[in-house]
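Some notes on the structure that comes next.
Throughout, read-outs are computed from the coordinates displayed, never taken from laboratory work. Here the structure is a predicted model, which is why all the values come from computation and not from measurement. Virtual Cβ from ideal backbone geometry, glycine too; neighbours counted across all protein chains shown.
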């Protein structure tokens, strides 16, 4: 497939954020190197993931449902939707040789490895990842308090977060809460940084000592920011954090012994021992 003179349009991506990071945007980054021009379509708050390699990034947010892995229920990604997005942004492609790369399932998630190839026409593409970093105010620790309606049983009780905060701030350490106000919580004694722009969120993560939270998109973002993180979930997700979705070999402490509901004292003691070993 000769890509000379051709325009790549990638997206829209409407699936989960973690899947966007490790089962989409790395492939788009690598694929863009084979085209003269690239347009990416992503949610408004994800645009920053693409700006360093795309010629243009279009924002598209859909209220179709709750994202689940690669897709969003009740939303059909087809040529009609693509044309609608292009028209809304006054993008004329009538004189372009366009190649469209819509969202697709890649590999066998959640076991898709960060080096797994994807076939696209005559090309075999391996995803490309860079360390995401930015300057921002430093916080000792960062919390992602998952509060999603999807699998609500996976959310940690607010009381547990408050207890963990108390254990971690004996010496007046600073803590910030990240995520979106729609699907993340905030507790007293922490700074509320929910809904900050992606470039600032990357700055928060890349400057903190450690991030804490159950398995979620922001925990995967910590991996791309090379930020040490403590994450708890079912053991099914162990390989995802330690290997498959960890291209930079970012230090992380995966706690799976108690699934989604370890006690805060357990999390703190495990983190304390890990920290004493040098993270």
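If you bin all the Cα-Cα distances of the range 28-99 at 10 Å, starting from zero, the percentages per bin are 16, 47, 33, 3.
When each of 120, 101, 111, 212 is scored by the number of other beta-carbon atoms lying within 10 Å, the sequence from fewest to most is 111, 120, 101, 212. For the range 141-276, what does the alpha-carbon gyration tensor say about shape, rounded, prolate or oblate, given a ≥ b ≥ c as the root eigenvalues, a/c under 1.5 as rounded, and a/b over b/c as prolate? Here the range 141-276 falls in the rounded category. The distance separating the Cα centre of the range 73-147 from that of the range 205-279 comes to 24 Å.
Taking label positions 7 Å along the Cα-Cβ direction at both residue 238 and residue 51, the computed distance is 4.0 nm, reported to one decimal. The modelled label-to-label distance between residue 111 and residue 6, using points 7 Å beyond Cα along the C-beta direction, is 3.2 nm.
Label zone of residue 249 (point 7 Å out along Cα→Cβ, amide N under 20 Å): in the range 101-144 this covers 113-116, 127-133.
Compute the label zone of residue 88 within the range 191-229: residues whose backbone N is under 19 Å from the point 7 Å along Cα-to-Cβ. From the range 191-229, the list is empty.
For helix 79-88, report the angle its Cα long axis makes with the longest principal axis of the Cα atoms of the chain; keep it between 0 and 90° and round to the nearest 10°. Rounded to the nearest ten degrees, it is 80.
Rounded to the nearest 10 degrees, the angle from helix 158-168 to the longest Cα principal axis of the chain is 70 degrees. For the chain, relative contact order (Cα pairs under 8 Å, six or more residues apart, normalised by length) works out to 18 percent.
By how many degrees, 0 to 90 and rounded to 10, does the Cα axis of helix 264-276 deviate from the longest principal axis of the chain? For 264-276 against the chain, the angle is about 80 degrees. On the principal axes of its alpha-carbon atoms, the chain has extents of 63, 34, 32 Å, going from largest to smallest. Only Cα pairs under 8 Å and 6+ residues apart enter the sum, and on that basis the relative contact order of the range 6-125 stands at 33 percent.
Each semi-axis of the equivalent ellipsoid for the range 6-125 is √(5λ) with λ an eigenvalue of the Cα gyration tensor; in descending order they amount to 21, 19, 13 Å. With contacts taken as Cα pairs under 8 Å and at least 6 residues apart, the range 25-84 reaches a relative contact order of 24 percent. At an R0 of 30 angstrom, the distance between the Cβ atoms of residue 76 and residue 126 translates into a FRET efficiency of 0.55.
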